[in-house]
Amino acid sequence: MKTENAFSLNAASSEEHDDITALSDAFSLKAFRYIDIAREARLNNIMTRWPLLREISAAQESER
């Protein structure tokens, strides 16, 4: 069973990342930034379910 880390810095799974890298290389998209919309939605749902995580995340962002 594969578990997913919601706070992973990777935008996509390794297979999806490889596809994106291949497309980026093929079309010379060096400044291409991939945003995983489904991941963002999952993170939003997690933060809604557990408000303490949102507070911790906000505190970490303010420290940066």
Discussion item. I need the phi-derived Karplus couplings for region 59-64: 6.51 cos²θ - 1.76 cosθ + 1.60, θ = phi - 60°, integer Hz, Gly and Pro marked x.
Written reply: 5, 5, 5, 6, 6, 6
Worksheet item: Across region 32-45, in residue order, what do the Karplus-derived ³J(HN,Hα) couplings come to in whole Hz, using 6.51 cos²θ - 1.76 cosθ + 1.60 with θ = phi - 60° and x for Gly and Pro?
Response: 6, 10, 8, 10, 7, 5, 5, 5, 4, 5, 4, 4, 4, 5
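Where a number appears in this text, it was derived from the coordinates with a stated rule and is not lab data. In this text the structure is predicted, and so the values were computed from the model without any measurement.
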